[in-house]
Structures are given as structure tokens and as C-alpha cells.
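K.L.:
What follows is a single structure, and I will ask about it in a moment.
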Amino acid sequence: MRSLIMAAAISLAFTLFLTPVFLRLFRKWGWGQVIRTPEAIENPSHEAKRGTPTMGGVIFILGTMVGYFTGVYVGGGTPALSALLVIWLMIGFGAVGFIDDYMKVRSQRSLGLSGWRKIIGQLLVIIPFGIVALNFPNKFDQTPASGSISLFRDIPWLNLFAFTVVLGWALYLLWISVIGVATSNSVNLTDGLDGLAAGAGVIVVGAYSLIAFWQFKQSCVGEGVEKAAIGGCYEVRDPFSLAIIAASFAASLIGFLWWNAPKAKVFMGDVGSMAIGGVITAMAILTRTELLLFVIAGVFVMASGSVILQRAYFKVTRGKRLFLMSPFHHHLEMRGWSEVTIVVRMWIIAGLLAVSAVGLFYVEWLTRVG
């Protein structure tokens with residue numbers, strides 16, 4: 001417990017107090033926000049954001065790593081494979097976003113990596129993640145991930161390796177790739193208003209930290225477990241380490257949000273939104289709650305869903321729009337809602353969805369031990 005509290009506290013302090021130092025460096029390096037011309041025309045208020053320091057995701061990525069490793073080592077532990085896999089997706093997806101941001105900043109145009117290049121970059125990160133996650137069992141023969149699709153835990157009749165090993169690996173890598181690409185791009189689409197993605201990210205990752213901590217308390221194996229309820233225990237590997245890394249990331253985001261809340265002094269950029277997507281993806285896969293992700297991260301699903309609906313409706317009706325502008329939060333902006341109102345209400349929605357998901361997770365456990 002000391003490791004978790006210390007890791008979160010250090011991550012929070014890092015981003016809360018050191019962000020101004022990074023902002024001076026970002027200004028010196030010319031890392032200023034580029035605004036798309038159509039966006040500036042349709043939302044004139046966005047033009048005022050041009051030149052604001054961006055790529056702030058670098059700050060909370062570093063804050064998370066400093067907090068996690070310091071907390072673990074001071075607590076007398078060692079970094080667990082599951083937590084290192086979360087860090088891998090965080091850094092890897094963040095690196096794809098960093099390249100995209102840097103191309104935009106360098107050319108001072110809103111054209112960075114093309115959509116397919118982003119996806120290829122994400123696949124180059126998540127495929128090694130998937131291979132490692134399904135190997136290297138611990139002394140209890142547990143691997144970080146499993147070959148089954150999961151909801152509250154693995155669903156036995158949705159075992160991707162039920163037929164052949166080759167087909168199983170293909171389905172497994174395809175499944176986690178869809179989760180990773182969809183989640184990271186959904187967070188990226190949500191990152192359009194000051195503090196929206198950061199605040200929602202705190203709520204979602206914080207919920208995953210609670211889930212992982214509960215799995216640690218109700219683990220089927222391991223040392224230091226208070227109790228393991230028969231029938232309700234979890235076969236998740238390194239749940240406490242997952243709780244620590246998730247808490248570190250959420251705390252780091254809180255410190256960043258202090259500077260990112262309206263009116264933002266810094267934007268996270270694609271490096272930040274992709275990193276958030278990477279952490280959420282890793283936590284969903286490693287806590288065996290992949291399908292529950294759609295509820296926990298529902299606010300991000302809303303953003304990508306509204307874009308998909310807009311494009312589909314546009315094609316079907318040959319030019320008509322379902323929303324004034326997509327993603328949905330920009331539609332609300334066009335309807336005259338203030339930015340702060342939209343952001344706070346989206347945070348409330350994110351909180352309600354996260355609480356509902358955690359509640360469902362707990363109810364499922366009760367049905368097994370009741």
C-alpha cells in the first residue's frame with residue numbers, strides 16, 4: 001500500500017510543480033499548437049489557442065514513470081512484467097503521437113502522420129506487447145494476458161485458441177490490435193477541448209486502478225493477499241503492480257490537468273492522447289476486462305461513435321449532416337454551449353459510466369461468492 005500511495009504522490013507532484021519548467025522549454029523549442037483552418041473558421045474561439053505550448057503528454061508520461069519506479073523501489077519491491085507492459089504501450093503509443101505532433105509543429109501545418117501510418121505505428125507497438133503478454137509465466141503459471149475475450153474476467157467459451165494455435169494467435173493479435181487502435185484514436189478524438197481528455201482520463205484510469213486493487217485483494221494466488229473468496233477470486237497476474245501504475249498515471253494526469261483545465265496553459269497533443277489510450281488499452285487487457293472497457297471508457301466511445309455516425313449519415317444522405325460538427329463535443333460547441341460547460345458535463349458522464357462499470361464488476365463478484 002505504501003508503494004501505491006508514494007508512487008501516486010510523486011507522480012502528482014512531478015506534473016503539478018514541474019510543468020512550468022517544461023513549458024519554458026517547449027516555448028524555447030517552438031512547440032506551439034497548430035490549429036486546423038476549418039476548425040478555426042467554424043469555431044473562432046479555437047483560433048485564440050494557436051501557439052499554446054503543446055506535446056504536454058511528454059510531461060505526464062515522464063511523471064508516471066518517475067512516480068512508479070520510485071514508489072516501487074522505495075516500497076522494497078521490483079517492477080512487475082504487467083506494469084512494464086503498461087509502460088510499454090504508454091510510451092509506444094505516445095511515441096507515435098509525438099512523431100505526429102512534431103511533424104505538425106515543424107511544418108506549422110495540421111498535417112502530420114496519415115491515418116494509415118498512425119495505425120501501422122500503433123500495430124508495431126501493440127503486437128510485441130501482445131506476444132510478450134501471452135508468454136513468460138510466473139511461478140503460478142500465470143501470464144499477463146490470456147487467450148480468451150473477457151468481460152469481468154475471462155469468458156471460457158470465448159477462448160480464441162479453441163481451435164488451432166496459429167489461428168488462435170492470429171485472432172488474439174487481431175483482437176488486441178482492434179482494442180488498441182480504437183481506444184487510442186477515440187481518446188485522440190476526444191482531445192478537442194481544454195481539459196476534456198485529461199479529466200476523463202483521470203476518471204477512467206482511476207477506475208481501472210480500483211479494479212486492479214480489488215483483484216489484488218481477491219487474488220487466487222500470491223503472497224500478501226488478505227483473502228481469496230472461493231469462486232470469486234481473480235487469475236490476474238501482478239494486480240497490485242497494475243493498481244500502482246494506474247494510480248501513478250491518474251495522479252500524473254491530475255497534476256497536468258491543473259495546467260490543462262480551461263483556459264489551458266498547455267495541450268497534451270497526440271503524444272498525450274495516444275499515451276492515455278495506450279494505458280487504458282493495457283489495463284483492459286491485463287485486468288481481463290476488455291468488453292467492460294466500452295462502459296468504463298464510454299465517454300471516449302461517444303466521441304469516436306459520433307464521428308462514425310456523422311460520416312455514415314453523410315454518405316447515406318449524400319451530403320447531409322447528423323451533427324453540426326463532429327466529434328459530438330464540437331456539435332455542442334456549435335449549439336452555443338460554453339467550453340467549460342461541455343467539459344464539466346462530459347466529466348460527469350465519464351464519472352457516471354466509470355462508477356456504473358465498477359459497480360457491475362463488484363456485483364459480478366457478489367454473484368460468485370453469495
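K.L.:
Using label points projected 7 Å from each Cα along Cα→Cβ, tell me how many nm separate residue 123 and residue 155, to one decimal.
P.N.:
2.5 nm
K.L.:
Given bins 5 angstrom wide, list per bin the percent of all Cα-Cα distances in the stretch 40-199, short to long.
P.N.:
Pairs per bin, as whole percents: 1, 7, 13, 17, 17, 15, 12, 9, 6, 3, 1, 0.
K.L.:
Cβ under 9 Å from residue 82's Cβ, residue 82 left aside: what net charge do those residues give with Lys, Arg +1 and Asp, Glu -1?
P.N.:
0
K.L.:
Another question, if that's okay. Hey, can you find the accessible area per residue of the chain for me, probe 1.4 Å, expressed in square angstrom?
P.N.:
Heavy-atom accessible area per residue stands at 45 Å².
K.L.:
Using 7 Å Cα-to-Cβ label points, what is the residue 320/residue 291 separation (nm, one decimal)?
P.N.:
Between residue 320 and residue 291, the label points sit 3.5 nm apart.
K.L.:
How large a share of the accessible area of the chain, in percent, is made up of carbon and sulfur atoms when the probe is 1.4 Å and the other protein chains stay in place?
P.N.:
Ligands and nucleic acids excluded, carbon and sulfur reach 69 percent.
K.L.:
Using DSSP to call loops (not H, G, I, E or B), can you name the chymotrypsin sites (Phe, Trp or Tyr not before Pro) in the stretch 135-218 whose Cβ has at most 16 other Cβ atoms within 10 angstrom?
P.N.:
Loop-located and lightly packed - 140, 161, 163.
K.L.:
Next question. Considering Cα pairs under 8 angstrom that are at least six residues apart, work out the relative contact order of the chain and quote it in whole percent.
P.N.:
Relative contact order of the chain: 26 percent.
K.L.:
Then there's this: Taking one equal scatterer on every alpha-carbon of the stretch 304-370, how large is log10 of I(q)/I(0) by Debye at q = 0.29 1/Å?
P.N.:
Rounded to two decimals, the profile gives -1.11.
K.L.:
Let me ask something else about it. Using just the alpha carbons, could you tell me how many Å³ per residue the convex hull of the stretch 214-312 encloses?
P.N.:
Cα-based convex hull of the stretch 214-312, divided per residue, equals 129 Å³.
K.L.:
Which shape class applies to the chain: rounded if a/c is under 1.5, otherwise prolate when a/b exceeds b/c and oblate if not, where a ≥ b ≥ c are the square roots of the Cα gyration tensor eigenvalues?
P.N.:
prolate
K.L.:
Would you mind checking which residues have amide H under 5 Å from residue 150's amide H? H placed 1.01 Å from N; only 5 or more apart, or other chain.
P.N.:
Correct list: 155, 290, 291.
K.L.:
Would you mind calculating the relative contact order of the stretch 252-338 from Cα pairs under 8 angstrom and at least 6 residues apart, reporting the percent as a whole number?
P.N.:
Relative contact order comes out at 15 percent.
K.L.:
Mind scanning 139/217; 265/315; 265/320 and naming the pairs with a C-alpha gap bigger than 27 Å?
P.N.:
265/315; 265/320
K.L.:
Another one. Let's test the formula: R0 of 45 Å, r as the Cβ-Cβ distance of residue 369 and residue 162. What FRET efficiency results, to the nearest 0.05?
P.N.:
Result of the calculation: an efficiency of 0.95.
K.L.:
Quick one: Cα convex hull volume of the stretch 94-144, Å³ per residue?
P.N.:
So the per-residue hull volume is 66 Å³.
The values are calculated or read from the model by the stated rules, or taken from the named source; none is laboratory data. Model, not experiment: these values are computed from the prediction. Ideal geometry is used to build each Cβ from the backbone, glycine not excepted, and the neighbour counts take in all protein chains shown. Surface areas here come from the heavy atoms of the whole protein model, side chains and all, with no ligands, DNA or RNA. Shrake-Rupley method; radii C 1.70, N 1.55, O 1.52, S 1.80 Å.
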